[in-house]
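Q: Here you go, one structure.
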Amino acid sequence: MEKTLIVANWKENFTAAEAERWVGGLNEELRIKNKGGVEIVVCPPFVLTSILHSLLLIPNSPFRLGAQDVSKFEGGQYTGEVSAKMLKDFVSYVIVGHSERRKYFGETNEDVGLKIEQCLKHDLAPIVCVSNLEQASASQCVNESNKIIFVYEPVEAISTGGEFHPDDPEHAQVMAKEIKAVAGQDIRVLYGGSVTSENVKSFVSQPDINGVLVGQASLDAGEFTKICDEIC
Ligand code: PGA
């Protein structure tokens, strides 16, 4: 049985000092107690990865690290890019194809496919964000489908300016089921968009939703601890 995933997407937030404060604000028990069926993945901006690696990845911890993006290239003359091979030393997961990358950085399904390939080649688990079935079928890799994790994240459900407007959990369940029908029954599908401690249970209690991707609500260590406590 694959673990339930709680993924924190910090987006473009936090300095090193703020990240340290966030770790200090987590419930101590959450940091050190192995949760068995749950894995908590924190995806900070690249520059904070190394700091979090030493602060969070302590023995028995339920925490893992992820990146928010990866280069579609193996390496070389691509100023500003960070390759899967570089990330491999620090993280186990990579968010790929987030709607903000598609919208603000022009990422296409083809780019997303190349990034998934880079992740799989370097043994990183891609967490692929899709807002519809067309994006899900464009991203499926038949041979290694059970390594890919999908996130159903409708664009209109992503929180804006501190306002939360989540999808209806039953609708998210229908979409998660359809994504599995397209990409394989063995893959995990998460839900993302305005997840909070108040609504997280209504999503993870759906039969085809195997975890959540949390943006805004993950930035508050107390609220994030509550979200984890709801599931663990
Ligand atoms: P949100 O963001 O939880 O703030 O809606 C989720 C995401 O975009 O990853």
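Q: State which residue pairs qualify: first residue over 11 Å from residue 125 (Cβ atoms) and inside region 83-97, second residue surrounded by fewer than 17 Cβ atoms within 10 Å (Cβ to Cβ) and of a type in the set (Asp, Glu) in any location, beta carbons under 7 Å apart, and separation of 6 or more residues or different chains.
A: Note: pairs meeting the criteria are 83/74; 88/123.
Q: Looking at region 70-85 only, could you name the residues that are within 24 Å of residue 22 (Cβ to Cβ) and surrounded by fewer than 21 Cβ atoms within 10 Å (Cβ to Cβ)? Don't jump to the end; show me each part of the working.
A: Residues of region 70-85 that are within 24 Å of residue 22 (Cβ to Cβ), as a first pass: 70, 82.
Correct list: 82 only.
Q: Further question: Checking the conditions here, which among 61, 71 is of a type in the set (Ser, Thr, Tyr), away from the ligand (no atom under 16 Å from the Cβ), in a loop (DSSP other than H, G, I, E, B) and touching an Asp or Glu at 6+ places or on another chain (Cβ under 6 Å)?
A: Going through 61, 71 in turn, the sole match is 71.
Q: Would a scan of region 170-190 turn up a residue that is buried (at least 21 other Cβ atoms within 10 Å of the Cβ), in contact with a Cys (Cβ under 8 Å, 6 or more places away or on another chain), at negative phi and assigned to a strand (DSSP E or B)?
A: No, because not a single residue in region 170-190 is buried (at least 21 other Cβ atoms within 10 Å of the Cβ), in contact with a Cys (Cβ under 8 Å, 6 or more places away or on another chain), at negative phi and assigned to a strand (DSSP E or B).
Q: Here's another thing I want to ask about it. Can you pull out every residue in region 104-133 that is within 22 Å of residue 157 (Cβ to Cβ) and either in contact (Cβ under 8 Å) with a residue 12 or more places away in the chain or in contact with a Phe, Trp or Tyr (Cβ under 7 Å, 6 or more places away or on another chain) (or both)?
A: 109, 112, 126, 127, 128, 129, 130, 131, 133
Since every read-out is calculated from the coordinates, none of them should be taken as a lab result. If you're wondering where the values come from, they're calculated on a predicted model, not measured in any experiment. FYI the Cβ positions are ideal-geometry reconstructions off the backbone, even for glycines, and counts take in every protein chain you see.
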